[in-house]
Amino acid sequence: MKKLTHSLIRKFSLILGIIMALIFLTPTAEVFADSSLSEDIVILYTNDVHTYIDGPISYDVIAAIKKDLQKEYKHVLLADAGDHIQGTAYGSMDKGESIIKLMNAAGYDVATLGNHEFDYNMQGCMDTIDRANFPYISCNFYRVINDVRGDNVLDSYVTFNCGNEKLAFIGITTPETFSKSTPAYFQNENGEFIYGISSGDDGSKLRQDVQKAIDDAKSSGATKIIALGHLGVDPSSTPWTSEETISGTSGLDAFIDGHSHTVIKGKSIKDKDGNDVLLTQTGEYFNRIGMMVIDSSTGKITTDFIELDGNDDDGYSLISELYKGTEIIFDENTKTIKNNWINEIDTQLGQKIGSIKVTLDNYDSDGNRLVRSQETNSGDFAADALYYLFDNLGLDVDVAVMNGGGTRNTAITGDVSYKTCKDMHPFGNVACLQTVTGQQILDMLEWSTRYAPSEDGSFLHVSGLTYKINTSTKNTTVKDEYDVWVSGPIKYRVHDVKVYNKENNCWEPLNLSAKYNLAGYNYTLRDLGGGFAMLNGAVNVLDYVSEDYMVLANYIKGFENCTVDASNSPLLEKYSNFMIDYSDVNGSGRIKLVTNQEDSSQNDNNPLTGESGAIFLILVLIVSAGVIKQLKKNKVSTKLLSAFLVFALVFITS
């Protein structure tokens with residue numbers, strides 16, 4: 001027994017000696033790695049990626065950067081502010097399933113719902129949430145039971161313990177989802193709303209939900225509160241913008257935003273109590289990655305971007321003030337998932353169908369997006385493709401429309417494939433033809449341009465029609481709390497509307513009482529996407545004709561040798577006075593933005609022919625009659641009466 005004890009002691013001493021030797025021979029940082037890591041909190045963030053996964057920065061890169069930062073920081077989180085499962089064929093071909101696989105592999109910790117997470121209908125949205133290994137959060141997305149608000153669909157916030165800080169993310173979804181997705185997705189088969197997104201005509205309901213989430217997060221012990229919102233800063237999103245939400249609440253420390261595709265490195269916005277809240281947004285399409293650092297000692301929040309430096313020919317590196325790495329690195333597992341999916345889709349849709357000699361685009365030379373605020377040659381091309389589809393089928397089509405938010409391409413030139421068309425129209429909408437009145441067309445155009453020259457996805461590009469927008473005239477269209485059209489304006493901004501007459505090859509003024517056949521996609525014409533409720537009651541001529549990207553492919557194949565040039569459209573061969581010129585990104589001149597000083601044709605398609613204008617006209621005439629009667633009673637001279645009549649006439653028609 002004594003020998004056994006001595007033997008064990010000798011063995012134990014030997015093992016202890018080896019351990020001590022290893023400790024002295026090994027750098028301290030590797031044995032006690034955690035003790036050298038920074039306590040600062042790092043948040044990597046993305047927004048509006050829209051399935052652009054085939055560029056220099058993608059999910060495999062952000063996954064590697066997260067792992068690289070974890071060698072330096074104890075607390076590294078990865079968040080997304082919405083609109084990640086829709087945008088290109090890489091998203092639409094399996095309704096975002098592969099994108100969620102990539103986000104899971106990349107190590108996302110939290111995300112919020114953008115409006116495009118609803119594009120594959122409500123069940124598609126729920127499937128996306130179920131597939132994610134990370135939580136989706138939204139404080140203002142709720143169920144509706146018998147017209148009464150029920151429980152929230154998702155948790156309003158999620159917390160992470162990061163050393164001495166308890167960090168809370170609050171999810172916020174844009175109320176514009178109703179109009180920028182499809183309202184029918186939020187309804188049951190009887191047309192009753194069973195889901196809601198809080199808004200308020202003045203934004204108060206949205207702010208109340210955000211404030212409640214902030215207060216609840218604080219009650220749970222949160223010491224830092226970050227809004228993860230999909231609201232944006234576009235004027236067309238008023239009163240639900242991120243800036244207005246910050247100003248109407250208190251308690252946020254920072255706001256990671258999306259929706260407007262705006263590049264905001266860091267902008268300080270005062271909250272309700274006068275405290276500074278840091279607003280940031282990365283823009284779009286994985287053009288950059290956001291990086292936020294919360295100092296563990298001072299609590300100060302700093303933001304910067306991780307961006308590309310270089311070009312396709314010479315290669316790329318990374319630049320950032322906060323991230324030290326310069327080499328583009330990849331996580332191999334995420335890269336394999338990405339490459340396999342890209343190869344599969346490219347094989348399916350890669351067949352060449354034609355070529356384009358000009359450049360179809362939606363952006364100007366400085367990279368500013370145009371398609372949601374003015375005419376573009378891509379918008380013209382998309383609308384012409386719809387017009388051509390029905391005309392080639394032998395159907396009587398008068399006008400075709402294409403919303404700017406549905407035309408997603410950047411520059412397209414050279415060889416084109418089905419994938420090119422799918423990238424331009426990734427939504428999977430189907431073409432339809434309806435009979436509407438001229439008044440409905442005028443109201444439709446007025447609604448679509450109500451924010452011009454500011455951006456709005458409802459901005460309509462047209463074929464077989466031209467019109468002007470007086471941007472000096474204030475928008476007075478009436479909408480409901482879901483951002484859906486209710487009634488027309490006091491005075492129309494849209495005027496001088498002309499429709500192409502195929503029989504006499506002339507452009508004629510829009511007849512408000514006449515009937516026209518209108519081509520478009522089910523999203524706008526039948527499902528009231530974009531809020532086009534004035535089209536309710538339109539008579540269906542033909543529906544579910546062709547999927548959107550196939551409409552484009554069909555048009556390209558209609559060109560001689562399947563080669564698109566500036567002015568060789570098959571529509572021009574048939575209708576010589578049709579307005580088509582694809583040579584300029586600014587389009588063919590079908591839509592003109594003018595001011596009072598620039599325009600003298602506002603009396604064409606007189607806005608006062610609308611319902612509200614007619615009421616206004618009657619009131620003015622009644623008042624004028626009363627004034628004339630009183631003037632006669634007072635024996636006012638004929639010259640003065642004539643002068644008043646001239647004044648009244650000028651006023652009525654101004």
**Prompt:** Toward the positive end of the charge dipole of the chain, about the Cα centre and with charges on Cβ (Lys, Arg +1; Asp, Glu -1), which of GLY406, VAL110, ASN586 goes farthest?
**Reply:** VAL110
**Fill in**
Rounded to a whole %, the carbon-and-sulfur portion of the accessible area of the chain at a 1.4 Å probe is 51
**Item:** Residues listed by number, the range 133-166, amide nitrogen under 17 Å from THR223 label point at 7 Å toward C-beta
**Value:** 159-166
**Fill in**
Averaging 1/r across every pair of distinct alpha carbons in the range 320-400 and inverting yields a Kirkwood hydrodynamic radius, in angstrom, of 17.5
**Message:** Under a Cβ-only charge scheme (Lys and Arg +1, Asp and Glu -1), can you give me the dipole magnitude of the chain about the Cα centre, in debye to the nearest 20?
**Reply:** 1400
**Fill in**
The extension gain from LYS502 to GLU327, computed as 0.36 nm times the residue separation minus the Cα-Cα distance, is 57.1 nm
**Request:** Please give the per residue accessible area of the range 457-502, computed with a probe of 1.4 Å over protein heavy atoms only, in Å².
**Result:** 30
**Asked** Once whole DSSP H runs in the chain are found, which of them have Cα atoms spread over 24 Å or more along the helix axis and a mean Kyte-Doolittle score of at least -1.0?
**Response** 2-25, 611-633
**Request:** Report the full-extension gain for the segment VAL263 to ASP147: residue separation times 0.36 nm, less the Cα-Cα distance, to one decimal in nm.
**Result:** 37.9 nm
**the chain: calculated mean residue ellipticity at 222 nm from DSSP helix runs of at least 4, using -39500 (n - 2.57)** = -9500 deg cm²/dmol
**Fill in**
Taking Cα pairs closer than 8 Å and at least 6 residues apart, the relative contact order of the chain in percent is 12
**Fill in**
Expressed to two decimals, the chain has a Cα Rg over Rh, using the Kirkwood radius, of 1.08
**Item:** Separation in nanometres of the label points that stand 7 Å from Cα toward Cβ, at VAL539 and ARG369
**Value:** 3.8
**Prompt:** Measuring from label point to label point, each 7 Å out along Cα→Cβ, what is the GLN70 to ASP313 span in nm?
**Reply:** 4.0
**Request:** State the antiparallel share, in %, of DSSP beta bridges confined to the chain, rounding to the nearest 5.
**Result:** 65
**Fill in**
To the nearest Å², the heavy-atom accessible area per residue of the range 194-329 with 1.4 Å probe amounts to 40
**Item:** Spatially proximal aspartates and glutamates relative to LYS498 (Cα-Cα < 12 Å; intrachain offsets below 8 disregarded)
**Value:** ASP398, GLU508, ASP604
**Message:** Over the range 74-166, with the other protein chains present, what is the accessible area per residue in square angstrom, probe 1.4 angstrom?
**Reply:** 35
**Request:** Give me the distance in nm between label points sitting 7 Å out from Cα along the Cα-to-Cβ direction at ASN340 and ALA184, one decimal.
**Result:** 3.6
**Complete:** Given the candidates ILE43, TYR285, ALA217, the one whose Cα lies deepest towards the positive end of the charge dipole of the chain, counting +1 at each Lys or Arg C-beta and -1 at each Asp or Glu C-beta, is ALA217
**Segment THR563-ILE490, extension gain: residue separation times 0.36 nm, minus the distance between their alpha carbons** = 21.7 nm
**Prompt:** Which pairs, out of LYS74/LYS166; LYS218/LYS300; LYS166/LYS324; LYS66/LYS218, put more than 24 Å between their alpha-carbon atoms?
**Reply:** LYS166/LYS324; LYS66/LYS218
**Request:** May I have the count of lysine pairs in the range 409-497 with C-alpha atoms under 27 Å apart, counting pairs 8 or more residues apart or located on different chains?
**Result:** 4
**Complete:** Ranking SER588, SER472, SER219 from most to least accessible area with a 1.4 Å probe gives SER219, SER472, SER588
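The values are calculated or read from the model by the stated rules, or taken from the named source; none is laboratory data. Because the structure is a prediction, the values reported are computed rather than measured. Using ideal geometry, Cβ is built from the backbone for each residue, glycine included, and neighbour counts are taken over all protein chains shown. The area values use the complete protein model at the heavy-atom level, side chains included, leaving out ligands, DNA and RNA. Shrake-Rupley method; radii C 1.70, N 1.55, O 1.52, S 1.80 Å.
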